Amino acid sequence: MERKVKYTYEFKLQCVEEVLKKDRSMESVSNEKVISQTNLRRWVGFYRKYGNKGLLPRKNERYSPDFKFKVLHTIDKKSLSLSEACLFFNIPNDSVIVNWQKQFKEQGLSGLEDKPKGRPRSMNYKRAKRNLLNHLHGKRSFYLRMNPYVCRWIT
């Protein structure tokens, strides 16, 4: 199953070409096409740096903790803005970096580690079997106290 993309590659390319090749302002193009100037500015930046590949839809990417730390360190060292860092490291959205900054501030380097995805397993097979046996054994002792003759038929 593919990710749903809000704007097609062709639409992005058309908008970027109107800004760069037809010398139209970003404001006029964004008003005409009913898109935000921020998106258009981001598309133009990625197009200038990476060409047509910068406008292609992306899959969700997993970044290593080392890469995340490198991005955060470079932002501090070079005093980059979030949008400049996204363009420099080819990260699709600045909210990704904001999340990394928050995690690093709260938890340090361990906050940049990959978290397990999905729902955790609640109970493994052996534990479930043991719980079932304990439950049945409890019922057996209950019936044994009630009537010892019934217990023979249960086991």
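Put simply, of K59, K21 the only residue that is free of Cβ contacts under 8 Å to residues at least 12 places away in the same chain and among the basic types (K, R) is K21. Restricting to the range 55-72, name every residue that is assigned to a helix (DSSP H, G or I) and either within 14 Å of the chain's Cα centre (by Cα) or surrounded by 11 or more Cβ atoms within 10 Å (Cβ to Cβ) (or both). Result: L55, P65, F67, K68, F69, K70, V71, L72.
Test K22 against the criterion of being exposed (fewer than 12 other Cβ atoms within 10 Å of the Cβ) and either basic (K, R) or on the phi > 0 side of the Ramachandran plot (or both), and give yes or no. Yes; evaluated as a whole, the condition is true for this residue. Just wondering, is there one or more residues in the range 35-54 that are charged (D, E, K, R), surrounded by 15 or more Cβ atoms within 10 Å (Cβ to Cβ) and more than 29 Å from K115 (Cα to Cα)? No: the range 35-54 contains no residue that is charged (D, E, K, R), surrounded by 15 or more Cβ atoms within 10 Å (Cβ to Cβ) and more than 29 Å from K115 (Cα to Cα). Restricted to the range 8-54, and to residues there that are outside any helix (DSSP H, G or I) and hydroxyl-bearing (S, T, Y), the residue that is nearest to E84 (Cα to Cα) is S36. Scanning the range 73-82 for residues that are exposed (fewer than 13 other Cβ atoms within 10 Å of the Cβ) and either at pLDDT below 90 or not in a loop (DSSP other than H, G, I, E, B) (or both) returns H73, D76, K77, K78. Only residues that are within 26 Å of G54 (Cα to Cα) and surrounded by 15 or more Cβ atoms within 10 Å (Cβ to Cβ): list them for the range 89-114, please. Hits for the range 89-114 are F89, I91, D94, V96, I97, W100, Q101, L112.
The values are calculated or read from the model by the stated rules, or taken from the named source; none is laboratory data. All values reported here derive from a predicted model rather than from experimental measurement. Glycine also receives a Cβ, built like all others from the backbone with ideal geometry; neighbour counts cover every protein chain displayed.
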